[in-house]
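Trainee: Have a look at this one before I ask anything.
The values are calculated or read from the model by the stated rules, or taken from the named source; none is laboratory data. In this text, all values refer to a predicted model and were calculated from it rather than measured experimentally. Using ideal geometry, Cβ is built from the backbone for each residue, glycine included, and neighbour counts are taken over all protein chains shown.
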């Protein structure tokens, strides 16, 4: 297990504690709209995962795991009988699942926004959707090893936010996005090498788990959320019609109320 001192984070507000895990190629500041919305009722802590903000890059001596990322939450957990809530988006959703399972007794509720436990697609023979994830991983890994991060970023952006997304970016935005994608090289190990079954997730995650998705998201996410609903019907499932995978940023007016409802 890879450990470090308290990771980089931002916080605001007061009240019950809510810990936020961001998506790949993003960072803690992706939550600023939600934090502004909830600061009058909650103490919000947005953690930068490995390689983001001032949190140390991943140690390359061995493959990264979801547990490694989830352990970053430890310094922020409430003392005594107080429980925290966790919100995670995309890769951060997978990290949030692991964190809630690892620290089960200290977690009261969990909100997953378009989580990406891609390995579940393989477990449930969703071969075409799983192949989408494999193709994306290959683009990041091959181009990352070659130092061609612009090429990796182009594939990544166009997959998650639609064809032409990369081409529509300014040169400055492309440069910043390519740099921010680099931690994703190791995140693929964490999310693809996980083995926890949906029945085990059902038993280890809070009953107060909410899964939020967009109807127009990519196939891999639609099928993951479908598998969750089929296998764990006791969780709450919320859906917006339009917004795609990055609705946290582009449709915050739709996502934030659903998160607020889940936390309440």
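Yes/no per residue for (1) more than 24 Å from residue 134 (Cβ to Cβ); (2) touching a residue at least 12 places away in the same chain (Cβ under 8 Å); (3) surrounded by fewer than 17 Cβ atoms within 10 Å (Cβ to Cβ):
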site: 204; (1), (2), (3): yes, yes, yes
site: 207; (1), (2), (3): yes, yes, yes
site: 227; (1), (2), (3): no, yes, no
site: 232; (1), (2), (3): yes, yes, no
site: 239; (1), (2), (3): yes, yes, yes
site: 245; (1), (2), (3): no, yes, no
site: 260; (1), (2), (3): yes, yes, yes
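Trainee: In the list 112, 44, 49, which residue meets the criterion of being under 19 Å from residue 247 (Cα atoms), in contact with a helix residue (DSSP H, G or I) (Cβ under 7 Å, 6 or more places away or on another chain) and buried (at least 23 other Cβ atoms within 10 Å of the Cβ)?
Mentor: 112
Trainee: When the residues of region 41-61 are narrowed to those that are assigned to a loop (DSSP other than H, G, I, E, B) and free of Cβ contacts under 8 Å to residues at least 60 places away in the same chain, which ends up farthest from residue 179 (Cα to Cα)?
Mentor: Applying the filter and picking the extreme gives 41.
Trainee: Quick one: which helices (runs of 4 or more DSSP H) sit completely within region 173-254 and have at least 2 residues that are more than 15 Å from the chain's Cα centre (by Cα) and either modelled with pLDDT under 95 or in the same structural domain as residue 89 (by TED's automatic domain parsing) (or both)?
Mentor: Here the list reads 198-204, 219-231.
Trainee: Within region 132-172, how many residues are touching a helix residue (DSSP H, G or I) at 6+ places or on another chain (Cβ under 7 Å), in a helix (DSSP H, G or I) and farther than 19 Å from residue 60 by Cβ?
Mentor: 11
Trainee: Within region 30-40, identify whether any single residue is over 23 Å from residue 204 (Cα atoms), assigned to a helix (DSSP H, G or I) and under 14 Å from the mean Cα position of the chain (by Cα), and answer yes or no.
Mentor: yes
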